[in-house]
Amino acid sequence: MSGYKLAVKFAPYGTEYLEKDGSVTKSIGHVWYEVYKDNEKIPMISAGWSSGRDRNPLSKESCGLDNLSNEDWMRYKGKNIASITVDISEAQAMKLSRSDFQAKAINKQLHNFRKCYGLATNSCIDFAGQALAYIGLTDEKDFDGKAASPINQVGVFLGQIAKNRSMNADLKLEYYGKTIEFQSNERTEKEIGQVLRKHGLDFDLTDENKTQINLAETSLSPAQDMANKLFAAYTSGDKNALSSVVTNHVYTQQRSQEVSEQVQQLKEAEQQRMAEQLVEVQQVAQQRHRMVRS
C-alpha cells in the first residue's frame, strides 16, 4: 500500500476535551478524521466540524471561520474514543487536506453541505460522512451517517468503509478496549457482522433508521443515556421525537419520585404493622402468664 492511513474517530458522551486555556471540559460527543503517513504518531491531517467559538453543541445554527477544527486529535482525550483505520492512497490523503476537501467545506462548495454548523443537519457527523464520500469510501454522494449520537455512528461508517476500500486495504476497528482487524476479503455486511459478533459486538451496518446495538454502552448512567437520546432525537430533525424524549424524561422523573414516595409509605406502613403485631403478641403473652398464675 501507499503508506497512508485514514482514521475516523468517534468520541462518546463525556469524553474529556482540552480547552485552549488548559482547562478540561466534557464533550457531548464528536466525530472527526485523521490522516497518517508511514505509521507516524502525529497526524499529517486532522479535521472536524463543530460549533466553533460558540461552543454550544445544542445551538441550532452556528456560523464562523472556526467551525473547522484541525486540533481535535490533540484536544479529545480518553480511552473510550473509538477508531476505524483504513489504508488509503496518496491521492485520497491529499484530497482530505486543508486546501481541498476542507476548503470546499468552509466555502460551501460541497453538495448538500452548508458553511454554517448545525447540530441537526450540518454536524460533525455530516462532515466526516462527506469526507468519506469525497474520497470514494461510501456508496452515497451525501453520506451523513445515521440519526444517533457520535459513538453510535461506528457501525454504519464501518459498513461503508469496509465495502468501498481498495482491494488490499487493511481495516481495523478499535472500540472500548477491543481491537479488531479485518481481512482484505472481508467486505460484505454479512462478513463484517460475523467478525464483529465473534468479539461480542453487533452493529447495524446499513440501515440508518435502526438503532445500533451497542453492547459497551449498556451500563450507561441515566444522565449519559438521556444525553444520547436527546442528541439522537435532535440530529434526526424530528421535533416530535425530541418532544417525546423530553416528555418521557419528565414523566419518568415524576413517576420515579412517585414510586419513591410510595415505597417509603409502604415501608412506614409495614413498620407500623409490625409494631402493632408485636404489641398484640406481648399482650397475649401477658394474658397467658396471668392465667397460668391464677
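What follows is calculated from the coordinates using simple rules that are stated; it is not laboratory data. Quick caveat: nothing in here was measured; it's all calculated off a predicted structure. So basically every Cβ, Gly included, is an ideal-geometry build from the backbone, and we count neighbours across all protein chains shown.
Remarks
- Judged by the mean number of other Cβ atoms found within 10 Å, the most tightly packed of the peptides 17-25, 173-181 leads the ranking 173-181, 17-25.
- Ordering of 126-132, 158-164 by burial proxy (mean other Cβ atoms within 10 Å per residue, highest first): 126-132, 158-164
- Global form of segment 34-180, assessed from the alpha-carbon gyration tensor, a/c cut-off 1.5: rounded
- In terms of other Cβ atoms within 10 Å, C116, C124 run from fewest to most in the order C116, C124.
- Amide proton proximity set for D204, modelled H, under 5 Å, gap of 5+: I213
- Cross-link pairs beyond the 23 Å C-alpha cut-off, checked among K26/K79; K9/K172; K37/K95; K9/K37; K163/K198; K20/K104: K20/K104
- For segment 11-36 and segment 173-197, distance of Cα centres in Å: 26
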